[in-house]
Amino acid sequence: MVRKRGENGVIILTGLFFTAFVFIIFRFYTVAWKQEYVPAASMEHAFTVEIGKCQGTIYDRNMVPIVNSRTISKAAAIPEFLDKEKTAEYAVDKEGFYSEFDIGKPFVFECNSKALESDGLTIFEVPVRYSSNQSARHIVGYLSDDKGADGIEYAYDSILRNNFPVNSVSYTTDGSGHILIGNGKKVYRTSAYKNGVVLTIDKDIQEICEECGKNINTGAIVCADIKNGDILGMASFPIYDPENIEKALYDKKCPLINRALYSYSVGSVFKLVTASAALEQGYGGFIYECDGKTDIEGKIFNCHKLDGHGLQNMTEAMTNSCNTYFINLARCLDTSEYRRLANYIGFGRESILCTGITGTSGIIPTEKELSVPAELANFSFGQGKLTATPLQITQLTCAIANNGEMPILKLIKGLTADGENIGSKKKSLFSTVMSSETAKEIRKIMILAVKENEESKAKSMKVSVGAKTSTAQTGKFDDEGEELCHAWITGFFPSNEPKYAVTVLIENGGYGNDAAAPIFKDIAEKITTLENNRLF
């Protein structure tokens, strides 16, 4: 029988299709029965969402967080397993939530306290690095490109950002990339942020210093424990926003400067050193009659009371802040021993608190310079070339209040791995800079300088204090020709059993009694109230 050519073509084509079908079936069974031929695309994989970057915490002396002090809730969301509108009720930023949700991929959003976990929603508590009213800003410092750039953030960068594990949730996905819910979901919550640095700062006292000094244009406040040298509060003004460093860089007031670490003209608070040197050398009974001025080898030095204070002993001269008394007292002293005492106390030496936080050494005239009578006269009441930091002045007050045993100021208490226990504790260091008899006499003089001075604005009805104010000339003048003076006060309280030393500096603040003394009084009263409240 003869077949047509078209029929032959159909038969051949049918045969080819049948052969291909048989081959496909064969391959299917090969894959199904032999696992070594299973393609990688059909295997299960893990998909991980990370929530928040973990950074160690900076604590105060009582293990109260100074950074990471509050947390916010963040949720890892898998859109395909969630009801869009119901979940949106949890979102802090609903508009942002809707935008992310509609993309359809897993995402993280900040949620409120109403949020409930489910298969598609996992909630974490994440620390916020800085608060809007962040305390101790000049101590804490700030970050740049997620690295410490200043302050404690810089000094302990490797400890605070040490490749910590992060909060995360992992899901298993099938070969097509679809997320599998159930046993495939694994949640990891980290507490590594509890690791960190413990400061000597008392957060409550730090906040008192900041609150009492909030109206200071530029200046600093330091508060220390006189028994061990722990810095309990160290505030610099003006403050800055650690989240907006660029703005601070262009601020004419230079808020990034920690003024507690910078040196300034000292003025009359240095009379405490002159009086201490005199007592150590046996001139505690020195008497001088002030007529308003004194002639030092042809150079006239005026007292601030132009008609003079009359006959003065050391206590009266300190209360009246009589310049001519201390100028003539200094002329009686062994200059070498006098200068050496100032240096022992810390003048002319750096105050190293930690890497990157160091108080400048300031300037103390050389012994040769002090051989010039006019230079010695200036030195006696804290003028001339002499400069010092608020830290150095506070350390002087600690020495006086602690019976001549001067604690070296410190800022670091130790390290912690769990936010509860402190390791690598820093020991307190002391130096005997004057006799206990001298220290006792200077304390008495400082107490009377407030108590016997009817005009003293450091005097408090709540707590007894000992203090010395200062109005330090700068040699600079304002637009009206008035000389700019730094306002100082340093003192201790309570006067009968001293615990705290406080120094207030206000750059170009004018008279110490008018500008600095009221702030000192306010701090002393608030710390006393705080201490009483802690007892109950």
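No lab work stands behind these numbers, since they all come straight from the coordinates. Model, not experiment: these values are computed from the prediction. Please note: Cβ atoms are built from the backbone with ideal geometry, for glycine as well, and neighbour counts cover all protein chains shown.
Some points to look at:
- Amide H partners (placed H, <5 Å) of LEU180, local residues excluded: THR172, THR173, ASP174
- Model label zone, ILE287; criterion: amide N under 14 Å from point 7 Å along Cα-to-beta-carbon; scope the range 305-328: 310-317
- Taking Lys and Arg as +1 and Asp and Glu as -1, the other residues whose beta-carbon sits under 10 Å from that of LEU143 total -3.
- Integer Hz, Karplus 6.51/-1.76/1.60 couplings in order for the range 275-288, x for Gly and Pro: 5, 5, 4, 5, 5, 5, 9, x, 10, x, x, 4, 10, 8
- Were the residues from GLU80 through THR355 laid out at 0.36 nm apart, the gain over their Cα-Cα distance would be 93.9 nm.
- Shape analysis of the range 379-536 places it in the prolate category; the axes a ≥ b ≥ c from the Cα gyration tensor give an a/c of at least 1.5, with a/b above b/c.
- Computed from point charges on the beta carbon alone (+1 for Lys and Arg, -1 for Asp and Glu), the dipole magnitude for the range 479-525 about its Cα centre is near 440 Debye.
- Computed over Cα pairs, the Kirkwood radius of the range 108-149 leads via Stokes-Einstein (0.890 mPa s, 25 °C) to a diffusion coefficient of 182 µm² per second.
- The dipole here belongs to the range 349-410: it is taken about the Cα centre, uses +1 on the Cβ of Lys and Arg and -1 on the Cβ of Asp and Glu, and is about 120 debye.
- Whole-Hz Karplus values for the range 112-125 come out as 8, 6, 7, 4, 10, 6, 8, 4, x, 9, 10, 10, 10, 9 Hz, taken residue by residue from phi with 6.51 cos²θ - 1.76 cosθ + 1.60 and θ = phi - 60°; glycine and proline positions read x.
- Radius of gyration and maximum dimension Dmax of the chain, Cα, Å: 35.6, 153
- Positive-end extreme of charge dipole, the chain - chosen from GLN55, LEU535, SER336 (charges on Cβ): GLN55
- Whole-number D in µm²/s for the range 403-455 (Stokes-Einstein; Kirkwood sum over Cα pairs; 4 °C, 1.567 mPa s): 91
- Put a dot 7 Å past the Cα of GLU454, heading toward its Cβ, do the same for GLU297, and the two dots end up 4.1 nm apart.
- Over 26 Å between alpha carbons, listed pairs LYS305/LYS526; LYS305/LYS451; LYS203/LYS521; LYS94/LYS203: LYS305/LYS526; LYS94/LYS203
- Sorting 321-327, 153-159 by average packing, meaning the other beta carbons within 10 Å per residue, from highest down gives 321-327, 153-159.
- Cβ charges +1 (Lys, Arg) and -1 (Asp, Glu), total dipole of the chain, debye: 1660
- Computed from the C-beta positions of LYS227 and LEU535 and an R0 of 22 Å, the FRET efficiency is 0.75 to the nearest 0.05.
- GLU243, GLU100 arranged by Cβ crowding within 10 Å, fewest neighbours leading: GLU243, GLU100
- Nearby lysines by direct alpha-carbon distance to LYS185 (threshold 17 angstrom, same-chain neighbours under 8 apart not counted): LYS105
- The range 259-330: radius of gyration over Cα atoms, expressed as a fraction of 2.2 N^0.38 Å: 1.16
- Per-residue Karplus couplings for the range 366-377, computed as 6.51 cos²θ - 1.76 cosθ + 1.60 with θ equal to phi - 60°, are listed in order as 6, 4, 5, 5, 6, 6, 7, x, 5, 5, 5, 4 Hz, Gly and Pro entered as x.
- With 5 Å bins from 0: P(r) over the range 263-415, alpha-carbon pairs, percent: 2, 9, 19, 21, 20, 13, 8, 4, 2, 1, 0, 0
- Going by neighbour counts of Cβ atoms within 10 Å, the residues LEU272, LEU256 line up, fewest first, as LEU256, LEU272.
- When only Cα pairs below 8 angstrom with a gap of at least 6 residues are kept, the chain shows a relative contact order of 13 percent.
- Most positive-pole-ward Cα, PHE109, ASN258, THR389, against dipole of the chain from beta carbon charges: PHE109
- Theoretical FRET efficiency, 1/(1+(r/R0)^6), r = Cβ-Cβ of GLU50 and SER99, R0 25 Å, to 0.05: 0.80
- Diffusion coefficient, µm² s⁻¹, Stokes-Einstein with Kirkwood Rh over alpha-carbon pairs of the range 124-177 at 37 °C and 0.692 mPa s: 238
- Degrees separating the helix 203-212 axis from the principal Cα axis of the chain, which is the longest one: 60
- Each of ALA235, GLY120, PHE97 was scored by the projection of its Cα onto the charge dipole of the chain, and the greatest displacement toward the positive side belongs to GLY120; charges sit on the C-beta of Lys, Arg, Asp and Glu.
- Report summary: the helix-based calculation at 222 nm, which adds -39500 (n - 2.57) for every DSSP H run with n ≥ 4 and divides by the residues of the chain, gives -9000 deg cm²/dmol.
- A compact globular protein would have a Cα radius of gyration near 2.2 N^0.38 Å; the ratio found for the range 107-200 is 1.44.
- Calculated on the alpha-carbon coordinates, the convex hull of the range 188-285 measures out at 174 cubic angstrom per residue.
- Long pairs among LYS86/LYS147; LYS147/LYS425; LYS368/LYS426, criterion Cα-Cα beyond 32 Å: LYS86/LYS147; LYS368/LYS426
- Order of MET318, MET63, MET461 under a 10 Å beta carbon neighbour criterion, fewest first: MET461, MET63, MET318
- Protection proxy ranking, peptides 162-169, 297-304, 277-284, average beta carbon neighbours within 10 Å, highest first: 277-284, 162-169, 297-304
- Applying a DSSP loop filter and a limit of 11 other Cβ atoms within 10 Å to the chymotrypsin sites (Phe, Trp or Tyr not before Pro) in the range 429-496 leaves nothing.
- Pairwise label distance in nanometres, SER170 with SER435, each label 7 Å out on the Cα-Cβ vector: 7.3
- Dividing the convex hull volume of the alpha carbon atoms of the range 60-173 by its residue count gives 151 Å³ per residue.
- FRET efficiency for LYS114 and ARG189, using Cβ-Cβ distance with R0 set to 25 Å, rounded to 0.05: 0.80
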